[in-house]
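Below you'll find the structure, written out as structure tokens, and then a few comments.
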Amino acid sequence: MPFDFDLLQNQKKLEREFYLNSVVQVARNLLGKIFVKSEGKNILAGMITEVEAYDGLKDEASHSFRGLSQRNKDMFNEGGFTYVYLSYGVHYCLNVVTGEKGYGSAVLIRSMEPILGIPTFSFRRFKKRKLSEKNFINLLNGPGKICQAFKLTKRDSGKDLLGNELFILDYKKIEDHSVNSSPRVGISKSTDLLWRFYISDSKFLSR
């Protein structure tokens with residue numbers, strides 16, 4: 001189904017209360033929402049299609065499991081802030097903080113469907129403007145690809161998603177029958193937790 005740009009213009013930012021729920025609830029409900037970055041007159045946007053939840057109190061795979069540190073301090077903000085970290089010294093990963101301040105839970109954004117700013121995404125990812133279908137699908141289908149395309153780095157960690165630079169729009173609700181869950185990708189601890197959520201019929205997934 002083609003994306004409804006007119007409908008997008010009428011959507012409101014998610015409010016703080018949305019992010020103050022449990023990390024699993026927020027992760028599931030972020031599917032179908034629109035992540036937006038404003039770069040002056042250039043607006044970049046993608047619909048969230050795949051996420052992973054990380055909960056420090058019960059989750060050994062979470063960065064916050066062993067407590068507060070200089071690296072993970074932004075993960076301990078109240079819900080509705082960003083937590084961006086460098087993975088294996090190679091690529092940045094965007095997370096949405098959830099819950100009360102000091103709790104330490106966040107949702108990793110694993111994949112998006114490109115919506116606005118596709119020429120910018122293409123140049124940043126592939127150094128070209130003209131895309132094949134395969135290139136288009138691969139623009140934002142991984143956490144490192146998202147940060148490269150949106151030009152997100154550690155400097156963007158700790159930003160308020162209720163602001164005007166980075167925010168998430170309440171575009172639509174994905175019904176339960178269209179959502180699948182699975183173990184999270186690339187972890188060796190707490191592998192029993194089925195906290196990877198994704199839109200089952202989306203082409204825009206990391207795997």
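Computed from the coordinates by the stated procedures, all read-outs in this text should not be read as laboratory data. These figures come from a predicted structure and were not determined experimentally. Don't worry about glycine lacking a Cβ; one is built from the backbone with ideal geometry, like all the others, and counts go over all protein chains shown.
Results, tabulated for the structure shown:
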read-out: Net charge over other residues, Cβ less than 12 angstrom from the Cβ of Arg184 (K, R count +1; D, E count -1); value: -2
read-out: Cα gyration tensor, region 1-95 - rounded (a/c under 1.5), prolate or oblate; value: prolate
read-out: Per-peptide average of other Cβ atoms within 10 Å, ordering 132-138, 118-124, 15-21, 100-106 highest first; value: 100-106, 118-124, 15-21, 132-138
read-out: Highest-MSF residue in the chain out of Val96, Val185, Val23 [GNM, Cα springs under 10 Å]; value: Val185
read-out: Fully extended contour minus Cα-Cα distance, from Val90 to Asn21, at 0.36 nm per residue; value: 21.7 nm
read-out: Full-extension gain in nm, Lys154 to Lys101, via 0.36 nm per residue minus C-alpha separation; value: 17.1 nm
read-out: Options [x] 45, 37, 33; [y] 56, 38, 30; [z] 79, 38, 28 - which one matches Cα extents along the principal axes in Å as calculated here; value: [x]
read-out: Cα-Cα separations in region 17-61 greater than 12 Å, expressed as whole percent; value: 68 percent
read-out: Placed amide H near Lys159: partners under 5 Å, 5+ positions off or other chain; value: Thr82
read-out: Full-stretch length increase - Lys172, Lys127 - with 0.36 nm per residue and alpha-carbon distance subtracted; value: 13.0 nm
read-out: Among His177, His63, His91, residue whose mean-square fluctuation peaks in a GNM of the chain (springs only between Cα atoms under 10 Å); value: His177
read-out: Pairwise label distance in nanometres, Asn135 with Asn42, each label 7 Å out on the Cα-Cβ vector; value: 1.6 nm
